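Data first, discussion second: the structure below is written as structure tokens.
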């Protein structure tokens with residue numbers, strides 16, 4: 001009886017395992033209304049931003065994006081006319097710049113790029129002035145750099161860092177996060193949300209300076225929560241969590257039965 005039950009449980013465990021491992025892919029790649037939708041943040045740690053991305057600076061000059069990365073860099077992807085989370089995100093960046101004991105321009109730089117190809121560098125200049133006023137200490141203002149770009153370069157840059165968004169009319173559906181790049185353009189960290197702790201920012205910059213990368217607690221949060229493009233918020237992923245619990249329980253029970261059977265056989269021999 002135990003042998004039969006163990007076999008059934010093994011089959012069930014294998015089924016749960018494949019169902020569980022397929023969940024992230026399904027959640028990311030499921031077609032919506034016949035179209036492939038990929039929204040949210042998909043971490044590309046240890047990968048590099050492309051060499052052929054070009055952006056327009058505050059002087060209206062087109063420059064190579066990769067050439068700008070010569071120190072640890074905080075990358076913020078927003079669009080300047082955003083009516084939603086872009087403003088709180090930039091508020092959060094301005095706040096943490098003022099709170100951290102690292103020196104902007106010496107220890108790191110901040111680069112903001114609009115992913116709306118219709119926006120102009122003049123608008124970038126206007127927005128920069130607004131957010132620099134929120135920084136609560138003296139800084140080298142030239143080291144928070146603001147850019148616009150064309151659709152091709154925007155696609156290359158956002159794809160390289162796993163930033164997936166969708167246009168809806170004149171606006172966009174997107175998540176809120178900043179990316180940290182090493183001096184050679186490697187993606188080393190993601191920080192999520194619109195509020196950033198000075199300690200988290202400092203550690204991310206220090207690690208980027210050393211070229212070290214790694215997931216944060218947000219990887220766990222990303223597993224537990226999925227981005228809802230319609231509600232424009234993160235929601236608890238009960239299906240994924242339930243699959244994890246089932247897999248863990250089934251695996252534990254299977255191991256218990258196997259070792260119990262071995263122990264009984266051993267006792268019979270003795």
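Assorted remarks:
- Likely footprinting exposure, 148, 56, 81, fewest C-beta neighbours within 10 Å first: 81, 56, 148
- Taking other Cβ atoms within 10 Å as a rough exposure proxy, 154, 246, 97 sort from fewest to most as 246, 154, 97.
- Across segment 141-188, counting alpha-carbon atoms alone, Rg and Dmax equal 12.7, 37 Å.
- By the count of neighbouring beta-carbon atoms within 10 Å, fewest first, 132, 123, 90 end up ordered 132, 123, 90.
- Fraction of antiparallel bridges per DSSP, segment 51-171 only, in percent to nearest 5: 35 percent
- Shape category assigned to segment 40-228 from the gyration tensor of Cα positions, a/c cut at 1.5: rounded
Bear in mind these aren't lab numbers, they're just calculated from the coordinates by the rules spelled out. No experiment lies behind these values; they were computed from the predicted model shown. Note that we place each Cβ from the backbone using ideal geometry, even for glycine, and neighbour counts take in every protein chain shown.
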